[in-house]
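The values are calculated or read from the model by the stated rules, or taken from the named source; none is laboratory data. Everything numeric in this text was worked out from a predicted model, so none of it was measured. Note that we place each Cβ from the backbone using ideal geometry, even for glycine, and neighbour counts take in every protein chain shown. In case anyone asks, the SASA skips ligands and DNA or RNA and just uses the protein heavy atoms, side chains included. Shrake-Rupley method; radii C 1.70, N 1.55, O 1.52, S 1.80 Å.
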Amino acid sequence: MGLLDGLRVLDLTMWRPGPYATQLLAQLGAEVLKVEPPGGEPMRAFRGHFDLLNRHKRSVMIDLKADAARCLELAAEADVFVEGYRPGVADRLGVGYEAVRAVNPRIVYCSISGYGASGPLASLPGHDVNYRAYAGTAPPNDGGHEFPVADMAAATMAAFAILAACHKGRGERIDLGMADVLANWMGTLPVPGTSKSGRPVPGYGAYPARDGGRIGLGVVSEDRLWAATCQALGLDHHAGLSFPERLARAEELDRDVAERIAALPRDTAVTRLTAAGAPVAPVLSPAEMRTVDHFQQRGVLDGSPVRTLHDPPLPPGRAPDLDDADGWSGTDPGRHAPDRPYERSPDE
């Protein structure tokens, strides 16, 4: 049993944001049916990506241009409908919000797009790097191997919004722009200062080590963390400075910290700082991250990041074969879904 047992999700999304959003729901027990075009989602050509984002789902192949009615039949039995087209495309295909709501007034209909369904940028094409660029979160390098922040942020926000709407229980239209999520995040930050180091306070940020590696150091206002950092790096004469004093001398102090770290190999710096009680972590590559015992023991690399006491997430599973819908209660009249606490009267 899972937290979302009985929740039925019709997933028309492709690539990363939508599939990850619906997988988060599937890992908690939701029944997810993935609607794929003839030949399958293009991402099936990249099985290493596809399989990781589509586990615990079923698949049905529908040519929406020729048979939107079949998709609407499935939508009539679903609780959630998720699409990731550019604004206006779902309407042209006959599966827009009004068409789906006509067959299922209680549906939670979620649209995930680059810039949202309205506004001057709504019609622009794009991918993760474009949304990050507009939102002021673009990486400092070319971004060729950067983590897809906009994709994953939007997916997580979509899952959150979907469940909030399901809790309300009367149907909803969710318009989620990927750039909007990042812009909202950036809106919670103060305008950057003018420090030459680019860091907000001394001892906070990523610092290069002698061997080409980097460490992440996380001192903010805490006097004890600053003192521990100074002691580990041989800067005892700075250890007693208060937070206001550190802010007043930010560039000087941060330069001293950076110089001491630059004289040490990455792992040596991490060992010394950890032993002293400083907030430090090695900046790991994706391959190195996979070897970390903490993540392996908690099972987050191949499972859900959520931990629950009574209804645990599903264990690692497989991605669906194309058109593998047998067993999804929305397509099998002989199978009855468990009690569905999400189904309420549209008038409630």
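Here Gly327 meets each of (1) modelled with pLDDT of 90 or more; (2) in contact with a Lys or Arg (Cβ under 9 Å, 6 or more places away or on another chain) with one exception, condition (1).
Within segment 30-52, being open to solvent by 10 Å² or more (accessible area, probe 1.4 Å) and under 21 Å from Thr308 (Cβ atoms) holds for one residue alone: Glu31. Residues of segment 122-138 include at least one that is closer than 22 Å to Trp185 by Cα and acidic (Asp, Glu).
In this structure, is Arg170 out of contact with any strand residue (DSSP E or B) (no Cβ under 8 Å at 6 or more places or on another chain) and either modelled with pLDDT under 95 or part of a helix (DSSP H, G or I) (or both)? So Arg170 passes the test.
Scanning segment 244-284 for residues that are acidic (Asp, Glu) and within 30 Å of the chain's Cα centre (by Cα) yields a single hit, Asp267.
Of all residues in segment 3-17, those that are open to solvent by 10 Å² or more (accessible area, probe 1.4 Å) and part of a loop (DSSP other than H, G, I, E, B) total 6. Checking each residue in segment 53-101 for being open to solvent by 40 Å² or more (accessible area, probe 1.4 Å), assigned to a helix (DSSP H, G or I) and either over 24 Å from Ala122 (Cβ atoms) or at pLDDT below 95 (or both) picks out Ala66, Asp67, Ala69, Arg70, Glu73. Going through (1) acidic (Asp, Glu); (2) without any contact (Cβ under 8 Å) to a residue 12 or more places away in the chain; (3) under 24 Å from Ile174 (Cα atoms) one by one, Asp67 falls short only on (3).
With respect to Glu251, is the statement that it is of a type outside the set (A, V, I, L, M, F, W, C), open to solvent by 40 Å² or more (accessible area, probe 1.4 Å), outside any loop (DSSP other than H, G, I, E, B) and modelled with pLDDT of 95 or more true? Let's see the steps before the verdict.
Numbers: of a type outside the set (A, V, I, L, M, F, W, C): yes; open to solvent by 40 Å² or more (accessible area, probe 1.4 Å): yes; outside any loop (DSSP other than H, G, I, E, B): yes; modelled with pLDDT of 95 or more: no.
No, not satisfied.
The set of residues in segment 254-299 that are surrounded by fewer than 16 Cβ atoms within 10 Å (Cβ to Cβ), part of a helix (DSSP H, G or I) and aliphatic (A, V, I, L, M) comprises Ala262, Ala275, Ala287, Met289.
Inspect all residues belonging to segment 103-111 and state whether any of them is at pLDDT below 95 and buried (at least 17 other Cβ atoms within 10 Å of the Cβ). Checked segment 103-111: no residue is at pLDDT below 95 and buried (at least 17 other Cβ atoms within 10 Å of the Cβ).
Selection over segment 215-248 of residues that are crowded, with 18+ Cβ neighbours inside 10 Å and either among the acidic types (Asp, Glu) or not in a helix (DSSP H, G or I) (or both) gives a count of 6.
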